[in-house]
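First up is the structure itself, then whatever we jot down about it.
Read-outs throughout are calculated quantities, based only on the coordinates presented, and are distinct from any laboratory measurement. All values reported here derive from a predicted model rather than from experimental measurement. Don't worry about glycine lacking a Cβ; one is built from the backbone with ideal geometry, like all the others, and counts go over all protein chains shown.
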Amino acid sequence: MNGHLLEVRDLHAEAGGREVVHGLDLTVRGGEVHVIMGPNGSGKSTLAHALMGRPGTRVTGGSIRLDGVELVGLPAWERARAGLFLALQQPVEVPGVSLQSALAEALDQPGRAGLAQRLAEEAASIGFDRRFLDRALNVDLSGGERKRNEILQLGVLRPPFCVLDEIDSGLDVDALAAVARRLEQATTEWGLGVVAITHFHRLLVELRADAIHVLVDGRIVSTGGPELAAELEQTGYRSYGVA
Amino acid sequence: MRGPEWLRRRRSEAFEEFVTTPWPSAKEDVWRYSPIEALDLDAYRPVGDRTATEPPAALDALVARVAPHGAVVTRDGVRDIGPGLSPVALPNGVSIASAEHPGALGTVLDGGDALVRLHDAFVSDPVVIEVAAGAVVDRPVVVVHWIGGAPGTGDPAPAVFPRTVVHVGRAARASVVEVVAGVTGDLRGLVVPVTELDVDQEGQLDYVGLQVLGTGAWHVGRLAGRVGTDAALRSFTLGLGGSYARLRTDAAAAGARGRCELRSAYVGSGDQVHDIRTLQDHLAPHTTSDLLCKGAVAGAARSVYSGLIRVRRGAVRSEALQTNHNLVLDGGSHADSVPNLDIEENDVRCTHASTVGPVDEDQLYYLESRGVAPDRAERLVVSGFFGDVIARSPVPSVVGVLEDEVGARLDRITSGGVDA
């Protein structure tokens, strides 16, 4: 699709002092959609935060390279500037801080010329109520509205890669479809590479995936195409030794 | 000191009372955690009727920003129209007197601790704002108290006692902005302001108090409000300056269905001490009070918030809400938050909440995961913390000034430099 490349090699990560991700490999090219599925406790959120560099989630081994730049050791904001975006599972409220002022800082664009217009366009594309654009970040938004807000920010920031941590939770069927359409569009629009981490199969109903990975106990135990989704739908994670 | 006979007599009576009133002690609840015992009165001298300083250009700029249509100005507590200060054009329904009749002072706050007695003994020109019954005043009346200060080299520094009284008549509506400024740079000074806000039946007063003294000032202020039946007081006070800056706000809902909405904020840095005391006093049935107070301390600054909700017997079906949030931005800074309830009636609803802590890590991580640099993320979160309360200022025309004043302090704090 384009030249961007995200390479995760033998990644080990700790959360709360305990190793949760035990040597994970993943290669994502610009424009590809990878879905990582795993049961509760398989290390999904730790993986997401290890990629983004959340304080308290420690990478103890391996590497994360984005277009050849090593992200391990960089703080979250520098990883974001290098081209990685994380849509959080539970986006927090930031009282008094508008979406526009936060994104103006993220883009180093204090003039904000055109930013309001971009926000309005992105809001329209995913059915995010324009009235919410004037609210403080996530304040008084429902879980589903917060998820749309993450995708809206993704659309404004246009990073080469995004990691989506349970983007499907809290979204109803229509909202999930709108988000999935926007993501697929982004893969061609600017060659976005997607790593969608989820517990649920239903994301795969809406989002066309180039590769599906099954995460169990901090390792990818199986990788495949749509046939793997069908298998997971039938048997769940049982065949991987998970009840 | 000048003034009508009754005022001069009031001063001397207050002075006699001051002499016999014990100096506050940090052992008293209402002074706990305060450094009041360290205040050396001998280091100050009442200014009296002298206006020591010409108004600086900074005063004009401040007045122009807050009050494009002019302000009532006192310099070192003395009301006069000096060079560069034009007489204020008052809105219809508003008149200003300098305490021409007995009873203009002390309708809301009469007597009190040693500092109030001291104030009453040395107050020079009280500013008394009278809003006629039924008047609806559409632009704020602005009062500026400019305090000159003096270099702290041997000679006593000036002590100034600004007094503002607002009386809103029955079914009248008005807004008042009061600014206490001065004692800039390395200068020193003691400022002991008393403000009385008296709102008659069905009246409404919107009040903003802005304290932007330099960090060489000691500020020991009292704000006392009272609302009558079906009346409302909405206030916002912002404390930014002062070495020690205390503001005690007592709001009495004295008439049935009276409402008090109290907002305040403070920012401390360097070795400033902010001392905020509030009393929500419910004396009548179906009264409501809603208090939100937010502060931040950085460097070696500290703050005390102590708030009491009191519901007197007979104040049935009253509702009181009290919230205090504190951001502690550095390891050397400290905030205390002490909520108290004194409820004498059963059928009431009172809630209080308080937090003390650093900037929320999840909020910072959220912004940083978008690519916002850590110092900018902290600046955004902290200014949002204050923006949230400033936006609720009851006088919309000063919101921009309040944001800029807070923003200027936050720029100094979050740029990591040592604040003056």
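Tabulated data
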quantity	calculated
Interchain or long-range residues, amide H under 5 Å from residue B:246's placed H	B:219, B:220, B:221, B:275
Cα-Cα pairs of region B:5-414 separated by more than 30 Å (percent)	39
Of the GluC sites (Glu not before Pro) in region B:1-65, those whose Cβ has at most 15 other Cβ within 10 Å and which sit in DSSP loop	B:28
Whole-Hz couplings from phi, Karplus 6.51/-1.76/1.60, listed for region A:146-160; x for Gly and Pro	5, 5, 4, 4, 4, 5, 4, 5, 4, x, 7, 7, 6, x, x
Distance-filtered residues of region A:29-54 - backbone nitrogen under 16 Å, label point 7 angstrom along residue A:217 Cα→Cβ	A:38-44
Efficiency of FRET between residue B:351 and residue A:227 - r from beta-carbon atoms, R0 51 angstrom, step 0.05	0.35
Highest-fluctuation residue, A:146, A:135, A:158 considered, GNM on chain A with Cα pairs under 10 Å	A:135
Built amide H within the under 5 Å cut-off of residue B:307, gap 5+	B:278, B:338, B:340
Charged-residue dipole, Cβ positions (Lys, Arg, Asp, Glu), the protein assembly as shown about Cα centre, Debye nearest 20	520
Efficiency of FRET from Cβ geometry, residue B:2 and residue B:132, R₀ 35 Å, rounded to 0.05	0.80
Nearest 10 degrees, 0 to 90: helix A:115-126 Cα axis against chain A principal axis	50
Unit charges on C-beta of K, R, D, E only; dipole of region B:118-229, Debye	120
Under the Karplus curve 6.51 cos²θ - 1.76 cosθ + 1.60, θ = phi - 60°, whole-Hz ³J(HN,Hα) for region B:186-200, x wherever Gly or Pro sits	8, 5, 10, x, 10, 10, 10, x, 10, 10, 10, 10, 10, 10, 6
Cα-based Rg of the protein assembly as shown normalised by 2.2 N^0.38 Å, two decimals	1.16
Between 0 and 90°, nearest 10: helix A:226-235 axis offset from chain A longest Cα axis	70
Mean separation of Cα contacts under 8 Å, 6 or more apart, over the residue count of region B:5-414: relative contact order %	10
Under the Debye formula (equal points on every Cα, no solvent term), log10 I(q)/I(0) of region A:177-231 at q = 0.17, 0.19 Å⁻¹	-0.58, -0.71
Under-5 Å amide H pairs with residue B:263, H placed in peptide plane, nonlocal only	B:235, B:236, B:237, B:292
Calculated from backbone phi, Karplus (6.51, -1.76, 1.60) coupling profile of region A:33-45 in Hz, x at Gly/Pro	10, 10, 10, 9, 10, x, x, 4, x, 7, x, 4, 5
Residue A:173-residue A:121 pseudo-label distance in nm [points 7 Å out on the Cα-to-Cβ vector]	3.2
Antiparallel bridges, percent of DSSP beta bridges restricted to chain B (to nearest 5)	5
Degrees separating the helix A:173-189 axis from the principal Cα axis of chain A, which is the longest one	90
Chymotrypsin sites (Phe, Trp or Tyr not before Pro) restricted to region A:158-217 and DSSP loop, no more than 15 other C-beta within 10 Å	A:200
Label-point gap, in nm, between residue A:67 and residue B:26 - each point 7 angstrom along Cα→Cβ	5.8
27 Å Cα-Cα reach of residue B:294 towards lysines, excluding residues that sit fewer than 8 places from it in its own chain	B:27
Dimensions (Å) - chain A, Cα atoms, principal axes, largest first	51, 38, 35
For region B:128-235, the spread of Cα positions along each principal axis, largest first, Å	52, 22, 18
Dipole-positive endmost among B:365, B:121, B:274 within region B:5-414 (Cβ charges, Cα centre)	B:121
Where GluC sites (Glu not before Pro) fall in DSSP loop in region B:322-398, at most 13 other Cβ within 10 Å	B:344
Proximal lysines relative to residue A:44, as straight alpha-carbon distance under 29 Å, when same-chain residues fewer than 8 apart are discounted	A:147
Percent of beta bridges antiparallel (DSSP, the protein assembly as shown, rounded to nearest 5)	20
